[in-house]
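Enquirer: One structure follows; several queries about it will come next.
The values are calculated or read from the model by the stated rules, or taken from the named source; none is laboratory data. Note that the structure is predicted; figures quoted are calculated from it, not measured. For neighbour counting, all protein chains shown are included, and Cβ atoms are generated from backbone atoms with ideal geometry for every residue, glycine included. Keep in mind that these areas ignore ligands, DNA and RNA; they rest on the heavy atoms of the full protein, side chains included. Shrake-Rupley method; radii C 1.70, N 1.55, O 1.52, S 1.80 Å.
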Amino acid sequence: MKNIIISLSIIIMTISCSVNKKEKADLVIINGKVLTIDKENPIAEAIAIKGEKILAVGTTQKISGLIAKGSTEVIDASGRLVIPGFNDAHVHFGPLDPDYIELRYITNPSVITEKVAAQVAKTRPGQVIRGGHWVHELFADKKWPSKELVDKVSPENPVLLERADGHSVLVNSYVLKRSGITKDSRAPFGGEIQRDPVTGEPTGILKDAAMDMIKIGDATITRSPEEEKEKTWQGYLLAMKEARELGVTSIQNAGGADFEAYETLQNQGLLTSRIDIGAPLTGDTSVLLQYKEKEKKYSKDGSWIRFGYLKAFADGSIGSSTALMFEPYTDNPSTSGLAMWPYEELEKMVLTADKMGFQIGIHAIGDKANNWILNAYEKAIKVNGKRDSRHRDEHTQTLQLSDIPRFGQLGVIPSMQPTHCISDKLFYEKRVGYDRCKGTYAWRSLLNAGAQLVFGTDYQVEPLNPMEGLYAAVTRKDRLGEEGDGWFPEQKLTMEEAIKYYTLGPAYAQFMEDRKGMIKAGYLADIVITDSDLLTIPADQIMKTKIDYTIVGGKIVYNSME
Ligand SMILES: [Zn+2]
């Protein structure tokens with residue numbers, strides 16, 4: 001009894017101590033328009049941060065009481081918008097290559113010739129030349145580019161130029177020859193060698209699995225291993241810089257990446273975005289057991305470098321006409337797209353990985369591919385039992401209307417990229433016809449069906465800038481701001497919703513909604529301040545909006561004024 005009284009009095013003393021010695025903040029933001037994404041407290045003026053977490057959210061007056069003179073850093077937001085840091089749920093993140101030939105948004109294919117010629121001039125014979133992000137629908141003639149565009153200027157270098165979707169690549173004759181790809185070659189399952197309809201010769205375009213046929217083994221590497229390593233390291237630093245300047249405080253890599261490189265960045269205090277890194281989906285139990293070890297090391301309880309979900313591809317893309325559809329393509333009735341796996345194999349992998357407790361995310365673009373994914377996840381529930389698995393459907397682009405309710409029913413996360421909508425709308429109707437577009441990028445319908453929507457960019461297929469995604473989600477118009485109401489305007493979202501599915505949504509997809517994605521006491525202090533008020537500016541200003549501050553884990557990692 002005596003012991004109990006003593007410990008009780010200690011507890012009482014501790015409580016009164018902490019109340020008396022009111023905890024002060026390390027960093028506060030005052031005079032802001034804080035959109036918290038917290039249902040219970042949607043709008044506030046100020047935030048107090050202690051260590052890596054949010055200490056309190058409230059009025060400027062209340063939060064000012066947590067400022068310790070001389071030790072608390074104060075940001076006066078002067079009325080600017082303050083929101084949770086952006087969390088990009090689907091990226092292909094990695095070191096940037098300063099030699100990569102950037103072909104994004106080009107409208108004249110002759111630019112390809114010019115840029116390759118310029119790069120060849122700086123490159124030794126035999127060295128690989130890489131570039132891409134072209135979209136042939138943006139060319140005046142909308143025709144696929146061919147090897148003739150590059151052959152003349154690159155007789156002695158392998159040239160590989162990816163389409164923006166990464167599902168096709170343009171190669172020169174040098175590559176075709178080294179890879180042994182001729183008129184008589186056959187593409188592997190899930191791939192296509194594009195051919196001249198008259199001569200049957202390869203045009204230089206290789207699609208999906210046919211890209212695995214590329215062999216450039218004897219290409220000369222002119223950099224020493226040390227130089228190569230340094231170049232990669234600089235590439236990581238460039239990528240990190242890009243993310244923090246765009247306010248992207250969390251990234252979820254689709255597929256694998258180099259865990260150790262990110263650990264080195266972290267150890268040196270240079271990791272400025274949290275990162276989840278996944279691995280390829282497999283049905284091989286011994287590999288899955290290795291993943292388990294990785295998952296222990298990069299635990300879901302952590303908040304910086306974490307093991308993510310297991311990724312597979314069900315199909316290709318609409319742009320490359322390789323997305324798997326139930327019916328043939330409207331503009332090319334000879335194909336219904338390509339399956340990357342026979343359904344039975346895909347299902348087997350899903351069942352095995354699900355049984356071992358992994359989260360799975362499968363790339364699905366065509367209506368049939370999406371149907372397959374839902375079938376496989378449904379089967380997993382039937383066979384292995386229902387659990388909080390949060391399996392993901394990466395892209396969720398074309399849906400049969402009858403499949404929409406299944407996302408809510410099965411708890412499958414549509415992990416979608418709003419910018420794909422405004423890039424692909426250029427050719428979607430041409431490819432699949434008006435009727436099949438009704439279930440395309442169906443954000444509003446998915447929400448109405450109770451799905452947990454999650455946004456990202458698919459960087460580097462699209463730019464990493466979240467402002468482009470927000471613009472796309474609220475307008476469904478091309479980047480030039482075309483006339484009218486936007487493409488299937490009934491599927492548009494409000495700006496507040498778009499921000500939510502770019503912050504709290506992705507946190508849910510990584511089982512972190514209890515500590516990330518809202519501006520709320522106890523949550524990780526990942527916060528951005530924008531230079532204009534996204535909630536009130538006209539649509540044509542959204543993509544011009546810049547980040548003024550990026551805060552990750554309570555630390556200011558970017559300040560536009562510095
Ligand atoms: Zn992707």
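Enquirer: If I fit a long axis through the Cα atoms of helix 367-384 and take the longest principal axis of the Cα atoms of the chain, what angle between them do I get, 0 to 90°, rounded to 10?
Expert: 50 degrees
Enquirer: Right, next: With a ≥ b ≥ c the root eigenvalues of the C-alpha gyration tensor of segment 426-500, is it rounded (a/c under 1.5), prolate (a/b larger than b/c) or oblate?
Expert: Because its axes are fairly even, with a/c under 1.5, segment 426-500 counts as rounded.
Enquirer: Follow-up. Computed over the Cα atoms of the chain, what is the convex hull's projected area averaged over all directions, in nm²?
Expert: Result: 30.5 nm².
Enquirer: Okay, moving on. Tell me whether segment 394-523 comes out rounded, prolate or oblate; compute the Cα gyration tensor, take square roots of the eigenvalues as a ≥ b ≥ c, and use a/c under 1.5 as the rounded threshold.
Expert: Here segment 394-523 falls in the oblate category.
Enquirer: Continuing with the same structure: Cross-link candidates for Lys386: which aspartates and glutamates have Cα within less than 20 Å, leaving aside residues fewer than 8 places away along the same chain?
Expert: Glu347, Asp354, Glu378, Asp403
Enquirer: For segment 113-253, report the accessible area per residue in Å² (1.4 Å probe, heavy atoms, rounded to an integer).
Expert: Accessible area per residue, segment 113-253: 48 Å².
Enquirer: Continuing with this model, one more query. List the chymotrypsin sites (Phe, Trp or Tyr not before Pro) in segment 68-167 that DSSP assigns to loop (not H, G, I, E or B) and whose Cβ has at most 14 other Cβ atoms within 10 Å. Which are they?
Expert: Those satisfying the criteria are Tyr105.
Enquirer: Tell me which trypsin sites (Lys or Arg not before Pro) from segment 144-239 have a DSSP coil assignment and no more than 14 other beta carbons within 10 Å of their own.
Expert: Those satisfying the criteria are Lys152, Lys183, Arg186, Lys215, Arg223.
Enquirer: Rank Ile63, Tyr100, Thr123 by how far each Cα sits towards the positive end of the charge dipole of segment 63-123 (+1 on Lys, Arg Cβ; -1 on Asp, Glu Cβ) and give me just the farthest.
Expert: Of the listed residues, the answer is Ile63.
Enquirer: For a test of the definition: using alpha carbon positions, the gyration tensor, and the 1.5 limit on a/c, classify segment 282-423 as rounded, prolate or oblate.
Expert: prolate
Enquirer: In whole Å, what is the distance between the alpha-carbon centres of segment 253-288 and segment 485-533?
Expert: If we compute the Cα centre of each part, the gap is 24 Å.
Enquirer: Using the Cα centre of segment 63-170 as the reference point, and only Cβ charges (+1 on K/R, -1 on D/E), how large is the resulting charge dipole? Debye, rounded to the nearest 20.
Expert: 100 debye
Enquirer: Which chymotrypsin sites (Phe, Trp or Tyr not before Pro) in segment 358-444 sit in a loop by DSSP (not H, G, I, E or B) and have at most 15 other Cβ atoms within 10 Å of their own Cβ?
Expert: When the chymotrypsin sites (Phe, Trp or Tyr not before Pro) of segment 358-444 are filtered for loop state and at most 15 Cβ neighbours within 10 Å, Tyr434 remain.
Enquirer: A further question follows. Rounded to the nearest 10 degrees, what's the angle between the helix 2-20 long axis and the longest principal axis of the chain, both from Cα atoms, 0 to 90?
Expert: Value to nearest ten degrees: 70.
Enquirer: Quick check for me: using +1 on Lys/Arg Cβ and -1 on Asp/Glu Cβ, what's the dipole size of the chain about its Cα centre, in debye to the nearest 20?
Expert: Roughly 1360 debye, rounded to the nearest 20.
Enquirer: Nothing charged except the Cβ atoms of Lys and Arg (+1) and of Asp and Glu (-1): what's the magnitude of the dipole of segment 418-515 about its Cα centre? Round to the nearest 20 debye.
Expert: Result for segment 418-515 is approximately 200 debye, rounded to the nearest 20.
Enquirer: Could you work out how far helix 285-297 tilts from the main Cα principal axis of the chain, as a 0 to 90 degree angle to the nearest 10?
Expert: 40 degrees
Enquirer: Counting only other residues whose beta carbon sits under 11 Å from that of Ala187, what net charge do I get with K and R as +1, D and E as -1?
Expert: Computed value for this residue: 0.
Enquirer: Next question, about the same structure. Please work out the average accessible area per residue across segment 343-382, using the 1.4 Å probe convention, and give it in Å².
Expert: I get 34 Å² per residue for segment 343-382.
Enquirer: While we're here: Among DSSP bridges having both ends in the chain, what percentage is antiparallel? Round to the nearest 5.
Expert: 45 percent
Enquirer: Here is a further query. Keeping the other protein chains in place, figure out the carbon and sulfur percent of the accessible area of segment 73-139, with a 1.4 Å probe.
Expert: The value for segment 73-139 is 53 percent carbon and sulfur by accessible area.
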